[in-house]
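The values are calculated or read from the model by the stated rules, or taken from the named source; none is laboratory data. Keep in mind it's a predicted model, so treat the numbers as computed, not measured. All Cβ positions, glycine included, derive from the backbone under ideal geometry; neighbour counts span all protein chains shown.
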Amino acid sequence: MFYPLKFKPVYKNYIWGGRNFEKFGRELPEGIFAESWEISCHPDGVSIVSDGEFSGMSLPDLVQKFGKQLVGRSLSERDASKFPLLVKFIDANDKLSIQVHPDDSYALLHENEYGKNETWYVIYASPGAKMVYGVKPGTTKEIFARAISENRVEEYLRYVEVFPGDVLNVPAGLLHAIGEGIVLAEIQQNSNSTYRVYDYNRVDKNGNKRPLHIQKALDVIDFDLSGRIEKSKGLEVMIGRCSTKKYLVANNYYSIELYNIGEKIEENADGSKFYIYVFVDGGGKINYESGSIQVKCGESVLIPASMGSYSLEGSMKFIKSYVPEIKSDIIAPLTAAGYSEENISDICNPNILV
């Protein structure tokens, strides 16, 4: 019954967007596009199946109809009903606002939704492209609040240069911003809670500034993260003869793994959890019991939890994300591959393992 699900992209035309999704071979409508929501159960951008038996159905409708057959028996009831992850592509043709996301406890109290932990995989970066990745060491809440009031926010920002293939984990509480000239894939909790601190005094096409959320941002920024969070180098293991899998980030919310394959690899959706694949280079196909689908860079696919055995075949890189069972999905295979407990903790920064 189940098959690999592709969805129609949901485009967002925020003021910092561009036309770089055309690099994926997409035909875009007129205008600028900042985000393409690829797999989303969030009411601000609901995904619609683009082909196959379920064509035209929304992801929320699929979740309601099939429940844990679709999302997996290992997920909590809350995750099963709301679908826990959201995947998007971002085209930062201009720099994003300086912002921060709340954690679950704050977001559930103030926004009635999940908090927002997210991770970025850089697909394209123009020479010299940078991200805001926290604040400078020594910056306190009091210092930063004064800087906001005096319009001196940029003096306290920590910048890191980024390159294609870089992975940056952005936990809730980390002040951040994507710089101009970057296209990336983002895997995040199913949330749209963002608190802007500073937006370079920009105005939209109607001459209006976008709203800021100063007090909420100051409530949730974790200034202790300064100097503790770095790009994820990952832990790599061999799969097959000429393919690798790199564990990039693992936490309570998601595991993110980068595959680099040059052959056919076997996978299995045994009913315990769904999987999302985001293709970031090359192409190939996904074979399943009753057929196969072609995939290429710039596409995303949802594998239902109860789909059964399947394989990925081709020459390509892709990100696999899912809600992990930490001990069996992360610790056990990495320990078997010879990694120490200290090595494994490196992909959990900050350390929020179950």
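Looking only at residues in the range 323-343 that are in contact with a helix residue (DSSP H, G or I) (Cβ under 8 Å, 6 or more places away or on another chain) and surrounded by 15 or more Cβ atoms within 10 Å (Cβ to Cβ), the one that is nearest to ALA80 (Cα to Cα) is VAL323. Can you name the residue in the range 1-50 that is within 14 Å of GLU299 (Cα to Cα), among the aliphatic types (A, V, I, L, M) and over 16 Å from the mean Cα position of the chain (by Cα) and, of all such residues, is surrounded by the fewest Cβ atoms within 10 Å (Cβ to Cβ)? So the residue we want is VAL49. In the range 69-96, of all residues being outside any strand (DSSP E or B), modelled with pLDDT of 95 or more and among the basic types (Lys, Arg), the one that is surrounded by the most Cβ atoms within 10 Å (Cβ to Cβ) corresponds to LYS95.
Among the residues of the range 108-128, those identified as crowded, with 21+ Cβ neighbours inside 10 Å and among the aliphatic types (A, V, I, L, M) are VAL122, ILE123, ALA125.
I need the full set of residues from the range 315-340 which are of a type in the set (D, E, K, R) and in contact (Cβ under 8 Å) with a residue 60 or more places away in the chain, in order please. Across the range 315-340, the qualifying residues are LYS320, GLU325, ASP329. Only one entry of TYR277, TYR339 meets the criterion of being within 24 Å of LYS68 (Cβ to Cβ) and either out of contact with any Cys (no Cβ under 7 Å at 6 or more places or on another chain) or assigned to a strand (DSSP E or B) (or both), and that entry is TYR277. When the range 40-63 is filtered for residues that are over 17 Å from LEU85 (Cβ atoms), without any contact (Cβ under 8 Å) to a residue 40 or more places away in the chain and not aliphatic (A, V, I, L, M), the ones remaining, listed by number, are SER55, GLY56, ASP61.
Condition check for TYR124 on (1) assigned to a helix (DSSP H, G or I); (2) of a type outside the set (D, E, K, R); (3) closer than 22 Å to ILE15 by Cα: one failure, at (1).
Screening the range 224-263 for residues that are under 20 Å from SER340 (Cα atoms), touching a residue at least 40 places away in the same chain (Cβ under 8 Å) and of a type in the set (Asp, Glu) and picking the one that is surrounded by the most Cβ atoms within 10 Å (Cβ to Cβ) gives GLU257.
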